[in-house]
Every structure is written in structure tokens, then in C-alpha cells.
Amino acid sequence: MAQVTVLGAGAWGTAFGQVVADAGNDVMMWGIEPEIIDAINTKHTNPVRLPVVKELPHSMRATLDRAEVVKDAEIIIVAIAAQFARQALEEFAGLIPSNAIVVSLMKGIERSTDKRMDEVVTEALNLPMERFAAVSGPNLSKEVAQRQPAAAVVASVNRQAAEKVAAAATNDYFKMFVTDDVVGVEMCGSLKNVTALAVGMARGAGYGENTAAMIETRGLAELTALGEALGANPRTFSGLAGVGDLIATCGSPLSRNYTFGANLGKGMSVEEATAASNGVAEGVPTTAAVVALGKQYGVPTPLASAMNNVLEQGISCAEMLSQLFADGSIEE
């Protein structure tokens, strides 16, 4: 049994906290909304962010206090919106136990710096990479919260750290696999959100299976090429963190990115789609960062570029697809 802290009491943080608690660990949640902290402690629920769960494990507790939540932690799981992660984590600098492993559940690229979450976390906490791990996979929070069978990948340059996290989060319905490809897992989790925006937009505009499959396949090729340019193992993109997560995110209305895109396809503006979203669609700020990374590393990003024109110029779905077709590549 391990002492596990979860920073972030949103839907995914709470669902993953339940996974870890079901694996036999004590879990302490941290959040900034007093009503959520109180509900977890007194009613064993998170009715604001995860109402689908009627009763959380009693081994899950919560606090607003930063020092209290991390003081005894062996594993610290970060489930904060990617664009706010650096600012939030800097408040924990100096509080993290010297032997704790810090695990990122976040899927995004920091827009202001074009940095991955492993870079953001280790910089904000002054943390060595040997104590960092990233988790990604086809994990829609509502389905995981309902204890439906699922799996994910945990990546760390430190095999022992990855195995410790995997053991703490593996139970009878959730399985964790281990890899050392931190960059690959990070890139898979971030870039697939951009593809999900495009698939959702096509669906919202009334296009069918052929169009969705085309977008998903070209999106996978794009994110694989960019990941390889950054040093990732291409095999990672055909696994749970890559194609697995892509399928789940691009095929379900439970995906915030898919839903955001679908609202754009139905004619909403970016502002209207943002107002209609229940939670953060990480693909929105990530899109511009992907385009910037593509330019930096000399990798064409036609899908991300077309979606960026949707977000910044308001072009239609038909125009987005036309721009994707204008890609000069003739190779699969």
C-alpha cells in the first residue's frame, strides 16, 4: 500500500484517485473548490465534477492545504489543466518529499513555451527526470469512474519508478503497462486532441465514417512524424497511448475535444463552443503549439495547421478539409 496524492479534483483526477484507491492505496486529493473538498470528505462524492460516481472509496480524503496534501506522499499525481499546470505546481515547490514520484495525467503542450508536460512539471518543481512519470491511454474519465475495463501506459526514464506507479494503479478493472518512452507518451497524449477536434468538427458538420477515418489516419501519421522528430519511439504511437487513445478520443461524445469540435461543426463560434464545454478542451490551446513545433522541427502539420485556421480565423469544416487535402504529400 502506498500513500498517494492527487493534485486536481476534476473528473479525471477523481476517477484516477478511485482507481488508485481500488488498488488498495490511501489517497489524498487536493483542489481549490471548498464544496468539492467537503463533499469528498463528508459524502464520499464529487457531485460537481464526477456525479456518475455515487460513492467514492472511503480511503479517499481531500484537503485545500498544499503542505498537508503532499507531506507523506510517495506518489504525487498531477491532474491539472495543462495550461495552468506551471503556475499551480510552483506553489508546491519546496513541499514535495525528496523521494516522491511525480506523475502527470495531463495531455497538452504549454502554449506560451511549446513545452511538453514532462518539461513543465520538472521545471516547476525542480524535479529530476528520474522521479517523473507520465500516464496516458484510452481513458475517458466517466467510463473509468464506472469501473469499466481499461488500460494505460506509464512512462519514466526510471524503470523502478514506472513499475511502482503501475503497481499502485493496477486493479481488477484497470491495467498499467510500462515504457521508458516519456517523449512518445507525452506527444501521443497531446497531439491526439488536435485530431479529435477535427473529427468532432467533421461529425458535427454531418460527414460520415470515411471522412472521420481519413482524418484519424492522417492525424496519426502527423503526430507520429512529429513525435519521431522529437526523439520518440515510433512503436509507442501504435500502442495504447497512441492509436488506443486516438480511437477513444475521436469516437466518443464523452471526449471534451470531440464535443468541442462537434459544436464548431454545427456552426458555433470558438467562443460559443467554449461556453458550451463542460471542462477544458486541451486540444484548443495545443493546436497552435503543434504547428509551432512542426515549424521548429521541420515536420509538416497540415491537419494541425488547418485546425489552427479554424480556431483563429473561423474557417468552416469544408474549408478545413480542403486545406487538409491541399497537403502536398503523396505518400502514406
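Data table
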item: Single match in Val53, Val78 (criterion: out of contact with any strand residue (DSSP E or B) (no Cβ under 6 Å at 6 or more places or on another chain), touching a residue at least 40 places away in the same chain (Cβ under 8 Å), of a type in the set (A, V, I, L, M) and assigned by the TED database to the domain that holds Gly8); result: Val53
item: Segment 234-247, residues that are surrounded by 16 or more Cβ atoms within 10 Å (Cβ to Cβ) and under 13 Å from Val153 (Cβ atoms); result: Thr236, Phe237, Gly239, Leu240, Ala241, Gly242, Val243, Gly244, Asp245
item: Identity of the residue in segment 90-115, open to solvent by 20 Å² or more (accessible area, probe 1.4 Å) and either of a type in the set (Phe, Trp, Tyr) or closer than 23 Å to Val290 by Cα (or both), that ends up modelled with the lowest pLDDT; result: Arg111
item: Residue among Ala151, Ala229, Ala167 that is open to solvent by 40 Å² or more (accessible area, probe 1.4 Å) and touching a Leu at 6+ places or on another chain (Cβ under 9 Å); result: Ala229
item: Glu130 being surrounded by fewer than 24 Cβ atoms within 10 Å (Cβ to Cβ), of a type in the set (Asp, Glu), more than 26 Å from Asn263 (Cβ to Cβ) and without any contact (Cβ under 8 Å) to a residue 12 or more places away in the chain; result: no
item: Only listed residue being surrounded by 24 or more Cβ atoms within 10 Å (Cβ to Cβ) and closer than 16 Å to Thr249 by Cβ, chosen from Ser190, Ser156; result: Ser190
item: Residue count, segment 259-283 (criterion: open to solvent by less than 50 Å² (accessible area, probe 1.4 Å) and of a type in the set (A, V, I, L, M)); result: 5
item: Evaluation of Ser136 against (1) among the hydroxyl-bearing types (Ser, Thr, Tyr); (2) surrounded by fewer than 23 Cβ atoms within 10 Å (Cβ to Cβ); (3) in contact (Cβ under 8 Å) with a residue 60 or more places away in the chain (one fails), failing number; result: (2)
item: Criterion violated by Leu293 - all others in (1) open to solvent by 60 Å² or more (accessible area, probe 1.4 Å); (2) assigned to a helix (DSSP H, G or I); (3) closer than 22 Å to Glu110 by Cα satisfied; result: (1)
item: Residue that is assigned to a helix (DSSP H, G or I), within 22 Å of Gly184 (Cβ to Cβ) and of a type in the set (Ser, Thr, Tyr), where the choices are Thr286, Thr274; result: Thr286
item: All positions within segment 114-148 that are more than 23 Å from Glu282 (Cα to Cα) and part of a helix (DSSP H, G or I); result: Met129, Glu130, Arg131
item: Candidates Thr301, Thr286, filtered to the one that is in contact with a Ser or Thr (Cβ under 7 Å, 6 or more places away or on another chain), in contact (Cβ under 8 Å) with a residue 24 or more places away in the chain, crowded, with 22+ Cβ neighbours inside 10 Å and at negative phi; result: Thr286
item: Among residues of segment 216-245, those that are under 27 Å from Pro149 (Cα atoms), out of contact with any Pro (no Cβ under 8 Å at 6 or more places or on another chain) and among the aliphatic types (A, V, I, L, M), counted; result: 4
item: Unmet requirement for Arg256, which otherwise passes all of (1) over 16 Å from Lys107 (Cβ atoms); (2) open to solvent by 50 Å² or more (accessible area, probe 1.4 Å); (3) not aliphatic (A, V, I, L, M); result: (1)
item: Hits in segment 48-82 - residues which are among the polar types (S, T, N, Q) and farther than 25 Å from Glu143 by Cβ; result: Thr63
item: Top-ranked residue of segment 212-225 - restricted to ones that are in contact (Cβ under 8 Å) with a residue 60 or more places away in the chain and either acidic (Asp, Glu) or surrounded by fewer than 23 Cβ atoms within 10 Å (Cβ to Cβ) (or both), ranked as farthest from Gly189 (Cα to Cα); result: Arg218
item: Some residue of segment 308-318 being part of a loop (DSSP other than H, G, I, E, B) and either in contact with a helix residue (DSSP H, G or I) (Cβ under 6 Å, 6 or more places away or on another chain) or β-branched (Val, Ile, Thr) (or both); result: yes
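The values are calculated or read from the model by the stated rules, or taken from the named source; none is laboratory data. If you're wondering where the values come from, they're calculated on a predicted model, not measured in any experiment. Cβ atoms come from the backbone with ideal geometry, glycine included; neighbour counts cover every protein chain shown. Heads up: the accessible areas ignore ligands, DNA and RNA and are worked out on the full protein's heavy atoms, side chains in. Shrake-Rupley method; radii C 1.70, N 1.55, O 1.52, S 1.80 Å.
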